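Encoded as structure tokens, the structure appears first; notes follow it.
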Amino acid sequence: MAATSGTDELVSGELVSVAHALSLPAESYGNDPDIEMAWAMRAMQHAEVYYKLISSVDPQFLKLTKVDDQIYSEFRKNFETLRIDVLDPEELKSESAKEKWRPFCLKFNGIVEDFNYGTLLRLDCSQGYTEENTIFAPRIQFFAIEIARNREGCNKAVYISVQDKEGEKEVRNGGEKRADNGEEENTKNRGEKGADSGEEKKEGINREDKTDKGGEKEKEADKEINKSGEKAM
């Protein structure tokens, strides 16, 4: 019992430590891999929702915050030549890059809710949130890059790719449905043909029966005539 209590206290202590770490601003924990993993778990749900969004709606028309225009304007004013379709992690994580990003991010303190909340960011915007294609970034950095990707047409590759796959799936399903309908129709026709053949066979037998019965009646009539003739003689 004492051992269980000690384990519970240890787990509880770890959870408190993680919760405390997650409550700190992004710049407080640097690149600590354990803390980044805790943030990543919390940010995964946000990433999944965002990816579904850009897959189902043309990203060009998306609005991510109430101040998208301000974010985009400040971003391109400070990072005019930054390539956003495929990001270089050094442009985000190096010490010189952090010095440049820090004043930009702080401008949105109090403007964008949880502006420094840990968020997953894709390196290659044409790909999904795989381990190799994902880095950790403050939320305002995510907004700045993703708003630019949407407005400059970079994220449209994801939308087109997903829509094309959905279209191909519908075509395949439609073809399978038509094939099933055709098979049902053929089965139905074979059944009707079999029924018709059965009817024809039945009718042929009935006609033969009638013919046989007619011939027997004629023979009976001939016998009666012959008997009548013999009696007359």
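The values are calculated or read from the model by the stated rules, or taken from the named source; none is laboratory data. Because the structure is predicted, anything quoted here is derived from the model rather than measured. Each accessible area value is taken on the protein alone, full model and side chains, heavy atoms only, with ligands, DNA and RNA left out. Shrake-Rupley method; radii C 1.70, N 1.55, O 1.52, S 1.80 Å.
Heads up, I need the accessible area for residue 143: 1.4 angstrom probe, whole protein in place, Å², nearest 10.
Looks like 20 Å² after rounding.
With every protein chain kept in place and ligands, DNA and RNA left out, what is the accessible area per residue of segment 65-114? Probe 1.4 Å, answer in Å².
So segment 65-114 comes to 65 Å² accessible per residue, rounded to a whole number.
How much length would be gained if the chain were fully extended between residue 123 and residue 173, taking 0.36 nm per residue of separation minus their Cα-Cα distance, in nm to one decimal?
14.6 nm
Could you pull out the pairs from 52/107; 77/107; 77/100; 63/169; 66/107 whose alpha carbons sit more than 18 Å apart here?
Numbers: 52/107 29 Å; 77/107 13 Å; 77/100 12 Å; 63/169 29 Å; 66/107 15 Å.
Long pairs (Cα-Cα over 18 Å): 52/107; 63/169.
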